[in-house]
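Here, each number is a calculation from the coordinates, and none is a lab measurement. Note that this is a predicted model, so its numbers are computed, not measured. When we count neighbours, we look across all protein chains shown, and the Cβ atoms used for this are built from the backbone with ideal geometry, even at glycine.
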Amino acid sequence: MTSFDEIYGLPDPRGYFARLGPYAYQTPGHAQPVFRALAGELAPGRRTVIDICCSYGINTALLNHDVTLDELYAHYTSPQASGLTTAELAARDRDFYASRRRPDAVRAVGIDVSGPALEYAVAVGLLDEGHRVDLESEEPGEGLRRSAAAAGLVTITGGTSFLTGRTFARLFAAAGRPLPVAAFVLRTHDYGPISRCLESYGLAVERAGATRPQRRFTDPGEQRRAVAAVTALGEDPAGKESEGYFHTRLHLAR
């Protein structure tokens, strides 16, 4: 896949939306109703959602606020936003999200390796906590352990391709129990090893039948590689990757 690493180390989300907009990146929008429904099922005392690879808190913006992904694209790529400093944008965002906060909002905890993205999401109120940690190679700190113990759901929309069962094993150890995991997984990626890890904790992994477009390909070479990858995994690219988009599928473990 084409690397977009540079957009995650910026001091605010404007570069994220400006860079991904031309490729119609849309997975958080597809995840919004799913994550809201799952969060609505959380028991009292478990109303904490942990978002892995959370970047600027996009998933929790959509989960906890009356806003759509298209509105976020417009918000961050508008002429008004382009003329602001990061501090001015953050001040505007605090009001923007506070005015759209849903009465059923849950406590939001983010995990990412990008300090600037986490700092922004916490500063504007999208995340109650942000933890800069790579659970593939590091143990969770005490703060994350406390939050994991109160969590009822783990979400992820972009990052399973870079993760293994180690991340989930460390998170479950911190929580003291397995947690439900809702993951939107690219069809180019074999989620089998992670599924087997989750099943080893007694979770049942449901694989949704329908797929959703993730983003357009950046060039023909990326498309050829994606078609080859999904074909190698026994999937049919017709009408999906062959039509110019990566596709994702929900995998729900509970």
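Odds and ends about this structure:
- In terms of other Cβ atoms within 10 Å, Tyr8, Tyr76, Tyr25 run from fewest to most in the order Tyr8, Tyr76, Tyr25.
- In a simple Cβ point-charge model (Lys, Arg +1; Asp, Glu -1; nothing else charged), the range 181-254 has a dipole of about 160 debye relative to its Cα centre.
- Length gained on full extension, Glu88 to Asp134, computed as 0.36 nm times the residue gap minus the Cα-Cα distance: 13.5 nm.
- Computed P(r) (all Cα pairs; the chain; 5 Å bins; percent): 1, 6, 13, 18, 20, 17, 13, 8, 3, 1, 0
- Nitroxide proxy distance, nm - points 7 Å out along Cα→Cβ at Ala173 and Arg102: 3.4
- Using only side-chain charges placed at the Cβ, +1 for Lys and Arg and -1 for Asp and Glu, the dipole size of the chain relative to its Cα centre rounds to 560 debye.
- Residues of the range 136-172 with amide N under 16 Å of a point placed 7 Å along Cα→Cβ from Tyr23: 157-162
- Counted charge near His247, where neighbours are those whose Cβ lies closer than 13 Å (Asp, Glu -1; Lys, Arg +1): +2
- Computed per residue of the chain from DSSP H runs no shorter than four, each worth -39500 (n - 2.57), the mean residue ellipticity at 222 nm is -12000 deg cm²/dmol.
- For the chain, the antiparallel share of DSSP beta bridges with both residues in that region comes to about 45%.
- The spacing between the range 101-175 and the range 202-254, judged by their C-alpha centroids, is 25 Å.
- Sorting the segments 227-235, 55-63, 126-134 by their mean number of nearby beta carbons within 10 angstrom, highest to lowest, gives 55-63, 126-134, 227-235.
- Computed from the C-beta positions of Gln80 and Ser3, the FRET efficiency with R₀ = 41 Å rounds to 0.85.
- Local electrostatic count at Ala31 - Lys and Arg +1, Asp and Glu -1, tallied over other residues with Cβ under 13 Å: +2
- Computed over every Cα-Cα pair of the range 102-182 and binned at 5 Å starting from 0, the pair-distance distribution P(r) comes out as 3, 14, 25, 29, 20, 8, 2, 0 percent.
- The range 10-138 - Rg and Dmax from Cα coordinates, angstrom: 14.2, 43
- Backbone HN-Hα couplings from phi across the range 167-177 [Karplus 6.51/-1.76/1.60, Hz, Gly and Pro as x]: 4, 6, 4, 5, 5, 5, 5, 5, 6, x, 5
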